[in-house]
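Nothing in this text is a laboratory measurement; each read-out follows from the coordinates by a stated rule. As the structure is a computational prediction, the values presented were derived from the model and not from experiment. Counting neighbours? That spans all protein chains shown, and the Cβs are built from the backbone with ideal geometry, glycine included.
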Amino acid sequence: MKTLKDRILVGTVTAALALIPGPLAAQAQTHADPLQMAQAPSEASCMPLQEVTTGQNEIRKRIENRSILGNNWHTDFIVPSDTNFSYFVALVTPENYGPYWMDVHLRLPQGGSEKVFSDQADLSTGMTVSIPFESPTGRQPAVVNVRIGGMNGHFYTISVAACE
């Protein structure tokens with residue numbers, strides 16, 4: 001199993017290619033990270049998911065480690081219920097060098113959740129991390145919950161795509 005450090009891609013343009021649907025994505029991925037290419041079949045099509053509260057596909061957040069009101073580490077992305085997805089890809093781009101903690105859970109429509117990823121790493125400014133994951137039980141989630149923590153005041157950008 002590859003660790004978070006093994007998933008780092010150079011630049012955000014390379015990572016964004018994973019979100020392009022259809023044959024162009026498969027062609028572009030032949031020049032990308034081998035892990036990402038192995039996760040994406042040649043006919044795969046991916047769609048960006050919308051964050052629950054804003055409806056945006058990409059969210060910029062500031063890490064806030066608050067003792068009284070709790071932290072703001074969680075970001076939820078809604079999964080359309082009319083399509084069965086084979087796997088998902090989270091793209092994280094930190095704006096600050098430092099340690100980051102990342103967990104991904106799939107929240108199921110019938111209740112409960114499945115933990116699909118958990119790791120920590122020191123990440124460099126502007127380096128995009130691609131985290132491919134799938135449901136260990138094959139059940140389709142209603143929400144993808146990404147939990148990212150780290151140094152108070154650090155910024156990052158997160159997006160999630162669902163792939164057929």
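S118 versus N84, label points 7 Å from Cα toward the beta carbon: distance in nm?
Distance between label points: 2.9 nm.
Where Lys and Arg each count +1 and Asp and Glu each count -1, what net charge lies around Y87 among other residues with Cβ under 10 Å from its Cβ?
Result for the neighbourhood of Y87: -2.
Near N96, within a Cβ-to-Cβ distance under 13 Å, what is the net charge of the other residues, with Lys and Arg +1 and Asp and Glu -1?
Here the count lands on +1.
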